[in-house]
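Read through the structure below, which is laid out as C-alpha cells, and then see the notes.
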Amino acid sequence: SPTWDDDTSDPLGDIETGINTVELAIGRAVNTAIIGRGLWRYLKNHPDVVDRLKYGQTSGGPAIVSLQGVASLIGVDRVLLTRAVKNTGNEGASDSMSYIGGNHMVLMYVSPTPALDVPSAGYVFQWKTREVNRYREDQEHQSVVECRASWDSKVTASDAGYLIKSGA
C-alpha cells in the first residue's frame, strides 16, 4: 500500500503498474480513474506530478495540477474525484467525518458502448422504466412529485479494474 504523502514515493509508477495490470488482463487500455479526495490531496502536491505538469504555468499564475492534467499525464480519458463524505461515528457519539473514496484510487476500463460481449469494470443495470407521479395534497397545501426507479450497480469484470489502496 503506497503512501503518496512521502516525497520519495512513486505515484506515477504505482499508477503505471495498475494500468499495465488491467491492459495485460483484458487487452484494453484503462480509460477511467477514480480517486478519493483523501488521496488527491497528496497526488496533486507530489513533486513528481507537479514537476511533470508545471510547464503549463503562465507568468501571472502558478502551475495548477488539475484532474484533466493528471488524466493526460497518466494516459486516461478522465479522472473523477470523489468528494462525498460520510459520518462513521456511532449514533449518539461525536461525528467522525471521512471521505467515502478514502485514500484510494481505482483504475479501470469502462466500455463507452455497453454490450454483453464487451468487458467493463462495471455496469449500472436498470429494469422497469422510471415512473414519475405528480399530485396535489390540498389539505396539506402542497404539490408532491414522486419518482420511482429500479437499478443496481454491479462489478462485471474485476480484472478490468485495479485498486490502489494508500496507507496515507
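The values are calculated or read from the model by the stated rules, or taken from the named source; none is laboratory data. All of these numbers come straight from a predicted model, not from anything done at the bench. Because the Cβ atoms are built from the backbone with ideal geometry, glycine has one as well, and the counts that use them run over all protein chains shown.
Hey, can you tell me all the residues within the range 87-105 that are assigned to a strand (DSSP E or B) and in contact (Cβ under 8 Å) with a residue 40 or more places away in the chain? Scanning the range 87-105 gives SER98, TYR99, HIS104, MET105. For the range 119-145, the set of residues classified as closer than 30 Å to PRO11 by Cβ and in a loop (DSSP other than H, G, I, E, B) consists of PRO119, SER120, ALA121, listed by residue number.
Being farther than 30 Å from VAL22 by Cβ and modelled with pLDDT of 90 or more narrows it down to one of VAL132, VAL79, so name that one. Before you say what the answer is, go through the steps one by one.
Details: VAL79 fails: farther than 30 Å from VAL22 by Cβ.
The conditions single out VAL132.
Number of residues in the range 125-163 that are in contact with an Asp or Glu (Cβ under 8 Å, 6 or more places away or on another chain), closer than 30 Å to LEU24 by Cα and exposed (fewer than 10 other Cβ atoms within 10 Å of the Cβ) equals 0.
Look at TYR123 and say whether it is at pLDDT below 90, aromatic (Phe, Trp, Tyr) and closer than 18 Å to THR32 by Cβ. Steps first, please.
Numbers: at pLDDT below 90: yes; aromatic (Phe, Trp, Tyr): yes; closer than 18 Å to THR32 by Cβ: yes.
So TYR123 fits the description; yes.
From VAL79, VAL65, VAL110, grab the single residue that is touching a helix residue (DSSP H, G or I) at 6+ places or on another chain (Cβ under 6 Å), in a loop (DSSP other than H, G, I, E, B) and surrounded by 11 or more Cβ atoms within 10 Å (Cβ to Cβ). Spell out how you get there, then give the answer.
Numbers: VAL79 fails: in a loop (DSSP other than H, G, I, E, B); VAL110 fails: touching a helix residue (DSSP H, G or I) at 6+ places or on another chain (Cβ under 6 Å).
Every option except VAL65 fails the conditions.
The residues listed here are TYR99, TYR135, TYR162; of these, the one that is over 16 Å from LEU39 (Cβ atoms), touching a Ser or Thr at 6+ places or on another chain (Cβ under 9 Å) and among the aromatic types (Phe, Trp, Tyr) is TYR135.
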